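The values are calculated or read from the model by the stated rules, or taken from the named source; none is laboratory data. Bear in mind the structure is a predicted one, so any value in this text is a computation, not a measurement. Every residue, glycine among them, receives a Cβ derived from its backbone with ideal geometry; neighbour counts consider all protein chains shown.
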Amino acid sequence: MRKIIIAGNWKMNMLFTEVEDFLFELSDNLEEKNLNSVEVVICPPSVYLELSSDIADDSKFFIGAQNVNDNSNGAYTGEISAAMLDSMDIPYCIIGHSERRKYYAESDEVINAKLKKLHENEIVPIFCIGETLTQREQNITKDIILSQLNGGLKDVKIEDNVIIAYEPVWAIGTGKTATPAQAQEIHALIREWLEENYSKDVSGNTPILYGGSMNPENVKELLIQPDIDGGLIGGAALDVSKFSSMVATAVEL
Ligand code: 13P
């Protein structure tokens, strides 16, 4: 049975005291919850990883980074390595987010190298894929998804754990959510690809999250789809009440 994963991607938001306030309140909200079938993850900006990780140590949620460099170490000013994340016991890291693909020109090849560095350090990648509005309108969504899967997961031992996040770019931060049917269609395609390229077990065990304007109002109808195993949440994860209520919905399913 796959767990539901509710993950918040804070992107470049939140100041130091806001981080503390949010995480202590989240901690309190989760204290009484039975999280046997739900995993809660917060991905703060890297400057807050240590603080967040210290608070998470005494709580029921986990921490993820938002990015990692594709090299092991060396003269890459401003960058963070997978070994550094591992040395701080950070269990998850987002890679391939559409904002990094768009603003920092990250290719499937670089994303693939990042993913392998995370695996070498036993960190679970949250690997993002998704089509733009133009690509959807051109009716090439499935081709894009398959090519991102083939590129990003090239020669990857997925048995080492990968979380896939389907985030249609046109639904990110726009308030336009994919309908449950639109999301389910692509999640089913990803699951099929996993079965064809790996095995039925890998396909059955790999969590596939949806991301794109997920909020307390639409979370339930998305999570009840057979191939949607959780959410990667941006805007609504900046508000501790909204985020906690989405966790509560997942717990009740
Ligand atoms: P929004 O929830 O703000 O649309 O962002 C989704 C996202 O990009 C999460 O990684």
Hits in the stretch 239-253 (condition: within 11 Å of the ligand (Cβ to nearest atom) and aliphatic (A, V, I, L, M)): MET246
Failed item, numbered, when ASN139 is tested on (1) away from the ligand (no atom under 16 Å from the Cβ); (2) touching a His at 6+ places or on another chain (Cβ under 9 Å): (2)
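Taking strands (runs of 3 or more DSSP E) that do not extend beyond the stretch 139-253, which have at least 3 residues that are in contact (Cβ under 8 Å) with a residue 60 or more places away in the chain?
On the way: elements: 163-166, 208-210, 230-233.
Output list reads 230-233.
If you take the residues in the stretch 1-34 that are aromatic (Phe, Trp, Tyr) and free of Cβ contacts under 8 Å to residues at least 40 places away in the same chain, which one is surrounded by the fewest Cβ atoms within 10 Å (Cβ to Cβ)? Please lay out each step first, then the result.
Step one: list which residues in the stretch 1-34 are aromatic (Phe, Trp, Tyr), which gives 10, 16, 22, 24.
Next, from what is left, pick out any that are free of Cβ contacts under 8 Å to residues at least 40 places away in the same chain: 16, 24.
On the way: PHE16: 10, PHE24: 14.
Residue satisfying both the conditions and the ranking: PHE16.
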Whichever residue in the stretch 182-203 is modelled with pLDDT of 95 or more and among the hydrophobic types (A, V, I, L, M, F, W, C) and, among such residues, is nearest to GLY235 (Cα to Cα): ALA183
All positions within the stretch 224-238 that are away from the ligand (no atom under 11 Å from the Cβ) and either under 15 Å from the mean Cα position of the chain (by Cα) or not aliphatic (A, V, I, L, M) (or both): GLN225, PRO226, ASP227, ILE228, ASP229, GLY230
Residue, surrounded by the fewest Cβ atoms within 10 Å (Cβ to Cβ), within the stretch 97-127, restricted to residues that are in contact with a Leu (Cβ under 8 Å, 6 or more places away or on another chain) and under 15 Å from GLY211 (Cβ atoms): PHE127
Selected residue (criterion: nearest to SER98 (Cα to Cα)) from residues of the stretch 150-170 that are under 18 Å from the mean Cα position of the chain (by Cα) and modelled with pLDDT under 90: ILE158
